[in-house]
1. Looking at the stretch 54-75, which of its residues are closer than 19 Å to Ser42 by Cα and charged (D, E, K, R)?
2. Considering Ile44, Ile57, Ile22, which residue is at pLDDT 95 or above and touching a Leu at 6+ places or on another chain (Cβ under 8 Å)?
3. Which of the residues that make up the stretch 142-167 are part of a loop (DSSP other than H, G, I, E, B) and among the charged types (D, E, K, R)?
4. Restricting to the stretch 1-28, give me the number of residues that are aliphatic (A, V, I, L, M), more than 15 Å from Arg65 (Cα to Cα) and in contact with a helix residue (DSSP H, G or I) (Cβ under 7 Å, 6 or more places away or on another chain).
5. List every residue pair whose Cβ atoms lie under 6 Å apart, where the two residues are 6 or more positions apart in sequence or sit on different chains, the first residue falls within the stretch 130-147 and is free of Cβ contacts under 8 Å to residues at least 60 places away in the same chain, and the second residue, located anywhere, is of a type in the set (A, V, I, L, M, F, W, C).
6. Test Thr110 against the stated conditions and say whether it is in contact with a Gly (Cβ under 8 Å, 6 or more places away or on another chain), surrounded by 13 or more Cβ atoms within 10 Å (Cβ to Cβ), among the hydroxyl-bearing types (Ser, Thr, Tyr) and modelled with pLDDT of 95 or more.
7. For the stretch 168-189, which residues satisfy the criterion of being open to solvent by 60 Å² or more (accessible area, probe 1.4 Å) and either touching a Leu at 6+ places or on another chain (Cβ under 6 Å) or part of a helix (DSSP H, G or I) (or both)?
8. All but one of (1) surrounded by fewer than 16 Cβ atoms within 10 Å (Cβ to Cβ); (2) touching a Leu at 6+ places or on another chain (Cβ under 9 Å) hold for Pro79, so report the exception by its number.
Amino acid sequence: MTGAPDDCIIIGAGPAGLTAAIYLARFHLSIRIFDCGTSRASWIPTSHNHAGFPDGINGNELLERMREQAARYGAMREPKKVTDLSKDGEAFFVTCGNETFYAHTVLLATGVVNHRPKGIDDAVHQQALAAGLLRYCPICDGYEVTDKKVAVLGTGDHGTSEAQFLRGYTSDLALVSPHGDHDLDDTCSAKLDEAGIVRIAGPCGGFALEGKQLAFDTAEGRMAFDSVYPALGSTIRSELAQACGAKTTEEGCIKVGDHLETSVPGLFAAGDVVVGLDQISHAMGQAGVAATAIRNRLAEQRPLRR
Ligand SMILES: Cc1cc2nc3c(=O)[nH]c(=O)nc-3n(C[C@H](O)[C@H](O)[C@H](O)COP(=O)(O)OP(=O)(O)OC[C@H]3O[C@@H](n4cnc5c(N)ncnc54)[C@H](O)[C@@H]3O)c2cc1C
């Protein structure tokens, strides 16, 4: 660890982290951006709800455009995984394996990881995602399954609410339990009955692309659907926030104030890792607010002048 601390270290180069990088670099601040290359956006075959792209945009292309925009202002993504984060006095210490960096502020934009169906082969997962046979975000792409044959892989409250949401797009809808029988209380069962959503027992396995559908085994035989939505939860990547003493919800989302500052002064968070809507527009909006708040916090500590 040598030299002066950076003004800000951004952890994560998805839509949130890269938006913040563009803002902070354009504020003439010294920043670093560390990223281990697993953005949820890289799973998007084509986003049709991201404003400004009437023909849609591929997730990796969007990330590439944002990386290029950040790089034009000197903000280069560094491919490093951050393994620890701590604060001592007013300085943050960011550890990547055997290297440590320090900064006046940190922005966490580490996102979440969707749980995949158990037993699905990597190649099948990739092909099904690319073909829109496997989808993870009904708010993003429910429109694309309008009037199609759709399965939600899940059960309980989460599976029920995802199926209810998708009922707004199609009537040919089944809730399939990923393991054995469904785990549904009377309220969930009544909601599913009222909406005409079929229930199918698991376990599920043998996922394969068959024709233009994704097929898999259930307790009631082999079935095929135009699209399958896993509703199996996700891992929220907030462990660095917790290591640094920031408050999180029971589920692990980072709690923030109106300007995206966590309960640790100088530590900010934006995007999917924060409580709220998991969408690109939201991640970008939060990152813009967080970056400006970071700039204003630094300006209270020293004049930011040319
Ligand atoms: C299949 C699919 C389709 C989707 N479609 C849409 C859509 O059409 N429209 C839409 O608005 N949203 C869509 N989304 C959601 C969208 O991808 C997310 O809301 C968005 O990517 C969140 O951005 P983020 O920057 O918060 O997190 P991410 O994009 O997940 O980026 C987080 C980054 O942090 C890095 N990171 C994590 N931990 C560390 C660490 N310890 N050290 C270094 N780096 C770290 C990761 O490698 C990753 O690059 C979709 C998601 C999926 C899965």
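The values are calculated or read from the model by the stated rules, or taken from the named source; none is laboratory data. As the structure is a prediction and not an experimental result, all values here were calculated from the model. Here the Cβ positions follow ideal geometry from the backbone for every residue, glycine too, while neighbour counts run over all protein chains shown. Please note that ligands, DNA and RNA were not included when accessible areas were found on the heavy atoms of the full protein model with its side chains. Shrake-Rupley method; radii C 1.70, N 1.55, O 1.52, S 1.80 Å.
1. Within the stretch 54-75, Asp55, Glu61, Glu64, Arg65, Arg67, Glu68 qualify.
2. Working: Ile57 fails: touching a Leu at 6+ places or on another chain (Cβ under 8 Å); Ile22 fails: touching a Leu at 6+ places or on another chain (Cβ under 8 Å).
After ruling out the rest, the residue left standing is Ile44.
3. From the stretch 142-167, those part of a loop (DSSP other than H, G, I, E, B) are 146-149, 154-155, 167; that's our starting set.
Hits for the stretch 142-167 are Asp147, Lys148, Lys149, Arg167.
4. The first filter runs over the stretch 1-28 and keeps only residues aliphatic (A, V, I, L, M), leaving 1, 4, 9-11, 13, 16, 18, 20-22, 24-25.
Right, trim to more than 15 Å from Arg65 (Cα to Cα) and you get 1, 4, 9-11, 24-25.
Narrowing further to those that are in contact with a helix residue (DSSP H, G or I) (Cβ under 7 Å, 6 or more places away or on another chain): 10-11, 24-25.
Of the residues in the stretch 1-28, 4 are aliphatic (A, V, I, L, M), more than 15 Å from Arg65 (Cα to Cα) and in contact with a helix residue (DSSP H, G or I) (Cβ under 7 Å, 6 or more places away or on another chain).
5. Within 6 Å, the pairs are Gly142/Leu166.
6. Working: in contact with a Gly (Cβ under 8 Å, 6 or more places away or on another chain): yes; surrounded by 13 or more Cβ atoms within 10 Å (Cβ to Cβ): yes; among the hydroxyl-bearing types (Ser, Thr, Tyr): yes; modelled with pLDDT of 95 or more: yes.
It is true that Thr110 is in contact with a Gly (Cβ under 8 Å, 6 or more places away or on another chain), surrounded by 13 or more Cβ atoms within 10 Å (Cβ to Cβ), among the hydroxyl-bearing types (Ser, Thr, Tyr) and modelled with pLDDT of 95 or more.
7. If the condition is that a residue be open to solvent by 60 Å² or more (accessible area, probe 1.4 Å) and either touching a Leu at 6+ places or on another chain (Cβ under 6 Å) or part of a helix (DSSP H, G or I) (or both), then Asp186, Thr187 are the ones that fit.
8. Answer for Pro79: the failing condition is (2).
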